[in-house]
Amino acid sequence: MKYGYIRPIVKDLQGKNQLLESNVAYVYKEMHGLAKKRTELETLLMTAQPGDELFFQNIEVLADSLQQFLGILRLAKRDQIIFHFLDEKLSTETLQTLVLIEQIEFFAEIQSTFLSHSSTFSLQAAKQQGKLIGRPRKSDDNLQRAFSMYDSKNYTLYEIKEETGISKSTLYRYLDERAAEKLE
């Protein structure tokens, strides 16, 4: 199945100039351009099955940072979903993308190093003031329920998200951590 995804971006606030030359069965359209609460993208990623093709006008429509872009590309690879970026003439199937992923990993690591370096002193000061830092972990009970649902193979990722509030990418991250712990 071929799906498209549109969201407002700086050069196309209404999304009217996106996916004009693509042949998709259904288009998911985000109503805002904000980085958070992109429910249509999440629904699309939860709906997509192995072999499905997702079309984006450009990389900016899909991601707001190198880290996010890399994370979504990893999900695509893991779920065997093919992404097409029309403006860049790139696809996750092409050999160029393998090189692109390596380059993104390199620059994402540099970006992470820069951010870490610049925020170290601010974090230390906040900790000294007794402020809590970072996103709180999901509750262990909720996480165990998500693991059980996933392991049973009786629930879709969307059903797991609806029941536990744990998104697909978060669940996969915790599953990877669980697998790494078993190997140790």
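A short reminder: the numbers here are calculations on the coordinates, not readings from a lab. Bear in mind the structure is a predicted one, so any value in this text is a computation, not a measurement. Here the Cβ is made from the backbone with ideal geometry for all residues, glycine too, and neighbour counts use every protein chain on show.
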- [ ] For each pair in K37/K153; K161/K182; K36/K182; K11/K153; K131/K182, compute the distance between the two Cα atoms and list the pairs where it is over 31 Å.
- [x] K36/K182; K11/K153; K131/K182
TODO: Give the label of the value calculated from the structure for P(r) over Cα pairs in 10 Å bins from 0, in percent, choosing from [x] 8, 25, 20, 17, 13, 9, 6, 3, 0; [y] 9, 37, 36, 15, 3, 0; [z] 8, 29, 34, 23, 6, 0.
DONE: [z]
- [ ] Would you mind putting 20-28, 60-68 in packing order, based on average other-beta-carbon counts within 10 Å, highest first?
- [x] 60-68, 20-28
